[in-house]
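See below for the structure under consideration.
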Amino acid sequence: MKTTKTTNGLKSMKKIDKQMAALSKMIDEGFTFAAAVQLFSMKRTEYEKKLVKLAQKQSVEGELEVDDNAFTSRAEGEPGGYVMAWLWVPLDEDED
């Protein structure tokens, strides 16, 4: 039984390695993070869409903003989840 788990784990790692190589090639060819966000947002559930809308109501323009196509991460067994947001960080010209 242990051998099967190890073999499955190795197969999973090989699959991930192949996927990472394919993604790296896509990035080299111009695929962007923005395109990935857009692609993933097209497959969201109604629950995830609701999380985004609720997060947008809590956002503060110019400080903490939530895009319509933000990534989400649903909490297992808990009502709610995490929503990707943009945090504005001012930088003094003297700070590098």
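The values are calculated or read from the model by the stated rules, or taken from the named source; none is laboratory data. Since this is a predicted model, take the numbers as computed values, not measurements. Don't worry about glycine lacking a Cβ; one is built from the backbone with ideal geometry, like all the others, and counts go over all protein chains shown.
Given the residues SER59, SER12, SER24, which is the only one that is among the small types (Gly, Ala, Ser) and in contact with a strand residue (DSSP E or B) (Cβ under 9 Å, 6 or more places away or on another chain)?
SER59
Within the stretch 62-85, which residues are touching a residue at least 12 places away in the same chain (Cβ under 8 Å) and surrounded by fewer than 13 Cβ atoms within 10 Å (Cβ to Cβ)?
Those that are touching a residue at least 12 places away in the same chain (Cβ under 8 Å) and surrounded by fewer than 13 Cβ atoms within 10 Å (Cβ to Cβ): GLY62, GLU63, ASP68, GLY80.
If the requirement is being loosely packed, with under 10 Cβ neighbours inside 10 Å, assigned to a helix (DSSP H, G or I) and among the basic types (Lys, Arg), which of these qualifies: LYS50, LYS25, LYS57?
Residue meeting the stated conditions: LYS57.
Quick check on the stretch 36-47: of everything there that is at pLDDT below 90 and assigned to a helix (DSSP H, G or I), which residue is nearest to VAL89 (Cα to Cα)?
VAL37
Only residues that are among the acidic types (Asp, Glu) and over 15 Å from the mean Cα position of the chain (by Cα): list them for the stretch 50-75, please.
GLU61, GLU63, GLU65
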